[in-house]
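The structure appears right after this line, and notes come after that.
The values are calculated or read from the model by the stated rules, or taken from the named source; none is laboratory data. Since this is a predicted model, take the numbers as computed values, not measurements. A quick note on method: Cβ atoms are made from the backbone with ideal geometry, for glycine too, and the neighbour counts reach across all protein chains shown.
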């Protein structure tokens, strides 16, 4: 469905025209075998804990999602209305696949799952997120994460 | 997420990006990327299908072992079965026609509670307002005279936007509370074509666009009704 031809014309054109940043670098970091990697999720779904202030338009900050936070206490505050949320209503793993990662860890396919995941407002220009990238990277390193899984909505 | 992935990789974190828009992955030149042919909002493809989700994750995480050079983008081959309509689907609750918004919300409450019972969670709660308070806030948007926001940190217009999101989530939970697996389009068709809530949000959008309040105009123009569901005129 996310083939561009399948998206309604207004949203499609906006996605085609989106000014993606370009980078002069092509970083490529090595790491241990997958069965020894600790995995963390970085989601653009603007997830918040129940009771927290939602992400607002243009927010360039980040929030953390503890791996053991109950799914019933996680809400999605992304400002866009142009993506599906009916699937999220039925299953949090569609966006934040913590149960699936736990299963992969239990069978030994990955080394482990981080205690903390990260989330940002996906509609914000990433060029405004330099400080956020610094902070998320520092948080991932502090936990010994060797595989960041970036998930959009 | 493509750009943030590259920014994290540049800071020493090995990354893999699951991408819904291949064009963006190519523009940014993600270090490792799995393009998935799924609907926006569904990066793992299929709700309530653990095996499908696991296949997506194995394909994505497997790139840590197989990708040998930057800008390795691989396509996930499977389509998500839930993209197709569920034959004969109807929402779990039948609404009487012509209900006022507050009455419609009340009529859906038992089904929404059944969703919470079945799935042990609710996605409703961004505003912190009780459902009984939603109709008043939303219909105030029709007049352009938004009441003060009871939620510190949210302007009246922002409260209106998140109230609309809570409303849509409440209706989605009620409609899907019987465990059926409709396509997103089927649920959207019901909400936008058959409910007072859908008609109310369309009217709020039009009123907001006509408003001279910048905050309300911005919210109404872009953040209430999906582009695919905007009713012209």
For the range A:58-74, what are the residues that are out of contact with any helix residue (DSSP H, G or I) (no Cβ under 7 Å at 6 or more places or on another chain) and either facing chain B (nearest Cβ under 8 Å) or within 17 Å of residue A:131 (Cβ to Cβ) (or both)? A:58, A:59, A:63, A:64, A:70, A:72
So in the range B:3-35, with the set limited to residues that are free of Cβ contacts under 8 Å to residues at least 24 places away in the same chain and crowded, with 24+ Cβ neighbours inside 10 Å, which one is nearest to the chain's Cα centre (by Cα)? B:20
Search the range B:68-96 for residues being at the interface with chain A (Cβ under 10 Å from one of its Cβ atoms) and not in a loop (DSSP other than H, G, I, E, B), and hand back the single one that is farthest from residue B:133 (Cα to Cα). B:72
Given the residues A:78, A:117, which is the only one that is crowded, with 22+ Cβ neighbours inside 10 Å, in a loop (DSSP other than H, G, I, E, B) and touching a strand residue (DSSP E or B) at 6+ places or on another chain (Cβ under 9 Å)? A:78
Within the range B:196-233, residues away from every other protein chain (no Cβ under 14 Å) and assigned to a loop (DSSP other than H, G, I, E, B) come out as B:211, B:212, B:213, B:233
Where in the range B:1-67 are there helices (runs of 4 or more DSSP H), lying fully within it, with 2 or more residues that are facing chain A (nearest Cβ under 7 Å) and under 20 Å from residue A:128 (Cβ atoms)? B:2-10, B:22-28
Which listed residue is free of Cβ contacts under 8 Å to residues at least 24 places away in the same chain, surrounded by 14 or more Cβ atoms within 10 Å (Cβ to Cβ), under 21 Å from the mean Cα position of the chain (by Cα) and closer than 18 Å to residue B:1 by Cα, from A:54, A:27: A:27
Quick one: residue A:99 ticks every box in (1) touching a helix residue (DSSP H, G or I) at 6+ places or on another chain (Cβ under 7 Å); (2) buried (at least 17 other Cβ atoms within 10 Å of the Cβ) bar one, so which box is it? (2)
Can you pull out every residue in the range B:139-183 that is more than 12 Å from chain A (Cβ to nearest Cβ) and surrounded by fewer than 24 Cβ atoms within 10 Å (Cβ to Cβ)? B:139, B:140, B:142, B:143, B:144, B:145, B:146, B:147, B:148, B:150, B:156
Of everything in the range B:129-138 that's surrounded by fewer than 16 Cβ atoms within 10 Å (Cβ to Cβ) and over 20 Å from residue B:211 (Cβ atoms), which residue is nearest to the other protein chains (Cβ to nearest Cβ)? B:130
On the basis of being in contact with a helix residue (DSSP H, G or I) (Cβ under 7 Å, 6 or more places away or on another chain), assigned to a loop (DSSP other than H, G, I, E, B) and modelled with pLDDT of 95 or more, does residue B:99 make the cut? yes
Residue hits (the range A:31-46; over 9 Å from the mean Cα position of the chain (by Cα) and more than 10 Å from chain B (Cβ to nearest Cβ)) are A:36, A:38
Number of the condition not met by residue A:10 [criteria: (1) in a helix (DSSP H, G or I); (2) surrounded by 15 or more Cβ atoms within 10 Å (Cβ to Cβ); (3) within 9 Å of chain B (Cβ to nearest Cβ)]: (2)
Residue identified as at pLDDT 95 or above, outside the structural domain of residue B:169 (by TED's automatic domain parsing) and either exposed (fewer than 15 other Cβ atoms within 10 Å of the Cβ) or closer than 30 Å to residue A:151 by Cα (or both) among B:113, B:59: B:59
Within the range A:23-36, can one find any residue that is closer than 29 Å to residue B:181 by Cα and not in a loop (DSSP other than H, G, I, E, B)? no
Among (1) assigned to a loop (DSSP other than H, G, I, E, B); (2) farther than 24 Å from residue B:191 by Cα; (3) within 8 Å of chain B (Cβ to nearest Cβ) - the single one residue A:55 does not satisfy: (3)
Name the pairs whose Cβ atoms lie under 6 Å apart, with the first residue in the range A:133-144 and more than 8 Å from chain B (Cβ to nearest Cβ), the second crowded, with 18+ Cβ neighbours inside 10 Å, and 6 or more positions between them or separate chains? A:143/A:114; A:144/A:38
